[in-house]
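Asker: Encoded as structure tokens, here's the structure I'll be asking about.
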Amino acid sequence: MKKELEPEDFKILKNEICMTEKFKKLRNSYNLCPNILGSTTVEIYMSDGKNSKAVSVYGYGIELEKIHDRIPYPDKNDKLPDEFRRIFRKLTGLNFIEAEKWTPDYIEIMIWPYGNAPEKSANWPSGWPSLSHPLTRKRGDSYSLYMPGLEKNDLNDFLDNLKPKQAVLINGDKWSVDCRFVFPGEPLWMKAFNKMQ
């Protein structure tokens, strides 16, 4: 969702979603469901220009928020901080009249080796970014390719047509493929969360 707010409306929103003293005092990470794999993680990064704070909560999300109070969490789990929940609810509850659908500037396409894929490989479209593209980044034995966000429908159509055990052929090698939106300000807040790992 994208909406340019009037200065006064933006000021009100900033006052409602800001780095409070309560938020500053939160730990860097919380685990609401230890020993349970595959749950979601919510990460909130805030900065007031002088100080910044990154908080990660595992075992929480939009769907889990609806039933959080009814989940029989184990006794040793962390408790969800009220201030984190307040900010999360405010952010996920935003709904502006006449807001436009947001399209990212770029989509990150993550690829990693899938040499033993049993299905016949699908050919990566020739006009799309490859391993030699200037924006491509090598990450160990994996790569990140970047394509304009305006091409997301074409990318989604391509990925939707892949079979579960089908690799994509790029530069003569077989790869698994996944993608995600690249969000504004990523280098700043991703650096903060990477420090926590």
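Asker: How compact is segment 7-98 by the rule of thumb for globular proteins, expressed as Cα Rg over 2.2 N^0.38 Å?
Answerer: That ratio works out to 1.19.
Asker: Here are some values of semi-axes √(5λ) of the Cα gyration tensor in Å: [x] 35, 23, 17; [y] 28, 19, 16; [z] 26, 19, 15. Which one was computed from this structure?
Answerer: This structure yields the entry labelled [x].
Asker: Kindly provide the trypsin sites (Lys or Arg not before Pro) of segment 106-197 that DSSP labels as loop, not H, G, I, E or B, and whose Cβ sees at most 16 other Cβ atoms within 10 Å.
Answerer: Of the trypsin sites (Lys or Arg not before Pro), the ones in loops of segment 106-197 whose Cβ has at most 16 other Cβ atoms within 10 Å are 120, 165.
Asker: Using only helices, what value at 222 nm comes out for the chain when you add -39,500 (n - 2.57) per DSSP H run of length 4 or more and divide by the total residues, to the nearest 500 deg cm²/dmol?
Answerer: My calculation for the chain gives -7000 deg cm²/dmol from helical runs alone.
Asker: A 32 angstrom limit on the alpha carbon distance is what I want to check against. Which of 14/138; 11/53; 2/50; 14/195; 53/76 exceed it?
Answerer: Over 32 Å apart, Cα to Cα: 14/138.
Asker: Scan segment 103-197 for GluC sites (Glu not before Pro) in coil per DSSP, keeping those whose Cβ has at most 16 other Cβ atoms within 10 Å, and list them by number.
Answerer: The qualifying sites are 119.
Asker: Another one. Report, to the nearest 10°, how far helix 186-196 tilts away from the longest principal axis of the Cα atoms in the chain, using its own Cα long axis and a range of 0 to 90°.
Answerer: Helix 186-196 and the main axis of the chain meet at about 70 degrees.
Rule-based calculations on the coordinates, nothing more; no lab input. A quick note: this is a predicted structure, and the numbers were derived from the prediction, not measured. Cβ coordinates were reconstructed from backbone atoms using ideal geometry, including for glycine residues, and neighbour counts include every protein chain displayed.
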